[in-house]
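*Asks:* Just dropping this structure here.
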Amino acid sequence: MSAQVKVPFVSFKPLEQELDGDLRAAFERVYENSWYIEGSEDEKFEASFADYEGVPYCVGCGNGLDALVLSLKAFGIGEGDEVIVPSNTYIATALAVTYVGSKVVFVEPDINTYNIDPSLIEAAVTPKTKAIMPVHLYGQPCDMDPIMAIASAHGLKVIEDCAQAHGALYKDRKIGTFGDAAGFSFYPGKNLGALGDAGAAVTFDEEVAAKIRAYGNYGSDYKYHHIYKGNNSRLDELQAAFLSAKLPHLDRMNEERRRVASLYLEGIRNPLVTLPFVADYALPVWHIFAVRCDRRDELAAFLAEAGIGTNKHYPIPMHLQGAYADLGFKEGDFPIAELISKTELSLPMYYGMTDEQISYVIEKVNEFA
């Protein structure tokens, strides 16, 4: 048995130390400029991220949730409408639908990928359905071709939730470029993370981009001229500057995550632990390395005793949260989401993990019995 090695669930220190000069320069640049909202740093980052995604329009906003809310508003989705979302995801996806006054319609995930199961979507479509919001969960791309085919057949909008999947590829094409719009979160723990809350929406449609920008700026298309009842959700200059410092390193950071994931996939050989499945169409970015174990809590305790941090994504499925009690769901209504919520455990995954830490995690997971 090896000596204990401390492995946090996540650490920002390796990247922050590596980019220390660039991040400090970004702060100094904004501070010296004395311009903090809707300035040159926003414009620079929006242009750079649009170029990275391969789309013409990127609109910065306050966070990833707002990116989804503003996108829904831009398409006129609101009261009386229905939006299909996966039953297995972070609650922000559903909240975006709720915030515009629409009804959340849950569809179960594929037990292998944990993403929304395209074969179940069509049965959930009604005359009130206006959009599908696929979530590229844990950095794993959704199966977008059948989703887009269903949307096309029924005249539905597709708004991709890319909060956990910056740079992931579906059939060699970046996620976020399939739907009518896509929302990104730059929460600090994301693959591309700011040093606070931040987000963005991307789209190919100039009119949609203009509406998203106006809705996020108090409904204003120019100063003191308000065409919508809008929100206050703008990407501030400081976070934009930090993101611009990190963006050139995103692909390299994602490659390192893939290296860690590859070592986990090759090294973990415990019959009690189900490893992530990677579909042929997918090139994940491993925001989260999610395993499943019927004795999940025992495994988490065992690893914690060994000095290894873990997390659970997400221990209570959305349909059983108090926030959505009004929908009237009960345990057993979405059994696949419930199974994942009871068995999923996230292992350490971040840029800068040492080979010693990776090997130690593998060793300890294999020791669990």
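The values are calculated or read from the model by the stated rules, or taken from the named source; none is laboratory data. Nothing here was measured: the structure is a model prediction, and the numbers come from that model. Cβ placement follows ideal geometry from the backbone for every residue including glycine, while neighbour counts extend to all protein chains displayed. When the accessible area is computed, the model is the full protein with side chains, heavy atoms only, and any ligands, DNA or RNA have been set aside. Shrake-Rupley method; radii C 1.70, N 1.55, O 1.52, S 1.80 Å.
*Asks:* Scan around Ala182 for amide H atoms under 5 Å from its own, H built in the peptide plane at 1.01 Å from N, and keep only partners 5 or more places away or cross-chain.
*Replies:* For Ala182, whose amide H was placed from the backbone, the distant partners under 5 Å are Glu160, Val202.
*Asks:* To the nearest 500 deg cm²/dmol, what mean residue ellipticity at 222 nm is calculated for the chain from DSSP H runs of n ≥ 4 alone, each contributing -39,500 (n - 2.57), summed and divided by the residues?
*Replies:* -11000 deg cm²/dmol
*Asks:* Another question about this same structure. With all protein chains present, calculate the accessible area of Arg269 using a 1.4 Å probe and round the result to the nearest 10 Å².
*Replies:* Rounded to the nearest 10, that gives 150 Å².
*Asks:* Further, regarding this structure: How much length would be gained if the chain were fully extended between Leu95 and His226, taking 0.36 nm per residue of separation minus their Cα-Cα distance, in nm to one decimal?
*Replies:* 44.6 nm
*Asks:* Taking H placed 1.01 Å from N in the peptide plane, check which residues at least 5 places from Phe289 or on another chain put their amide H under 5 Å from its amide H.
*Replies:* Leu347
*Asks:* Which part of segment 342-366 falls in the paramagnetic zone of Glu305, meaning amide N under 18 Å from the point 7 Å along Cα-to-beta-carbon?
*Replies:* Taking a point 7 Å out along Cα→Cβ of Glu305, the residues of segment 342-366 whose backbone N falls under 18 Å are 361-366.
*Asks:* If you restrict to DSSP beta bridges whose two residues both lie in the chain, what percentage is antiparallel, to the nearest 5?
*Replies:* Around 60 percent antiparallel, to the nearest 5.
*Asks:* Can you give the convex hull volume per residue for the Cα atoms of segment 255-369, as a whole number of Å³?
*Replies:* 129 Å³
*Asks:* Tell me the Rg and the Dmax, in Å, that the Cα atoms of segment 146-305 produce.
*Replies:* Cα-based Rg and Dmax for segment 146-305 come out at 19.6, 63 Å.
*Asks:* Quote the Stokes-Einstein diffusion coefficient, in whole µm² s⁻¹, for segment 86-239, based on the Kirkwood radius over alpha carbon pairs, a temperature of 20 °C and a viscosity of 1.002 mPa s.
*Replies:* Taking Rh from Cα pairs, D becomes 130 µm²/s.
*Asks:* What three numbers, in Å, describe the spread of the alpha carbons of segment 1-100 along their principal axes, ordered from the longest?
*Replies:* That gives 56, 52, 26 Å along the principal axes, largest extent first.
*Asks:* If you don't mind, another one. Got a sec to turn the phi values of segment 211-218 into Karplus ³J(HN,Hα) couplings, 6.51 cos²θ - 1.76 cosθ + 1.60 with θ = phi - 60°, whole Hz, x for Gly and Pro?
*Replies:* 5, 4, 4, 5, 4, x, 10, 6
*Asks:* Between Ala123 and Trp35, with labels modelled 7 Å along Cα→Cβ, what's the label distance in nm to one decimal, could you check?
*Replies:* About 5.5 nm, to one decimal.
*Asks:* What full-extension length gain, to one decimal in nm, is calculated for Thr274 and Phe12 as 0.36 nm per residue of separation minus the Cα-Cα distance?
*Replies:* 91.6 nm
*Asks:* Taking only the alpha carbons of segment 262-315, what extent do you get along each of the three principal axes, in Å, biggest first?
*Replies:* For segment 262-315, the Cα spread along each principal axis is 37, 23, 20 Å.
*Asks:* Apply the Karplus parameterisation 6.51 cos²θ - 1.76 cosθ + 1.60, with θ equal to phi minus 60°, to every residue of segment 273-283 and state each ³J(HN,Hα) to the nearest whole Hz, in sequence, with x for glycine and proline.
*Replies:* These are the phi-based 3J(HN,Hα) values: 10, 8, 7, x, 9, 10, 5, 4, 7, 10, 10 Hz.
*Asks:* How large is ³J(HN,Hα) for each residue in segment 237-245, as worked out from phi by the Karplus curve 6.51 cos²θ - 1.76 cosθ + 1.60 (θ = phi - 60°), to whole Hz, x for Gly and Pro?
*Replies:* 4, 5, 5, 4, 5, 4, 5, 5, 5
*Asks:* State, to one decimal in nm², a quarter of the convex hull surface area for the C-alpha atoms of segment 50-164, i.e. the direction-averaged projected area.
*Replies:* Its Cα hull, projected and averaged over all orientations, spans 7.0 nm².
*Asks:* Let me ask something else. Long-range amide H contacts for Val107: which residues qualify at under 5 Å (H placed 1.01 Å from N, peptide plane, sequence gap of 5 or more or a different chain)?
*Replies:* Long-range HN contacts for Val107: Val85, Ser87.
*Asks:* Rounded to the nearest angstrom and ordered from largest down, what semi-axes does the equivalent ellipsoid of the chain get from its C-alpha gyration tensor (root of 5λ)?
*Replies:* They are 33, 28, 17 Å, listed largest first.
*Asks:* Any idea what log10 I(q)/I(0) is at q = 0.14, 0.25, 0.28 Å⁻¹ for segment 211-278, Debye with uniform C-alpha scatterers and no solvent?
*Replies:* -0.68, -1.01, -1.09
*Asks:* Binning at 5 Å from 0, report for segment 32-87 what percent of all alpha-carbon pair distances ends up in each bin.
*Replies:* 4, 14, 17, 21, 17, 12, 8, 4, 2, 0
*Asks:* Related question: Springs between alpha-carbon atoms under 10 Å, Gaussian network over the chain: tell me which of Ile77, Ile111, Ile147 tops the mean-square fluctuations.
*Replies:* Its mean-square fluctuation being the largest, the pick is Ile111.
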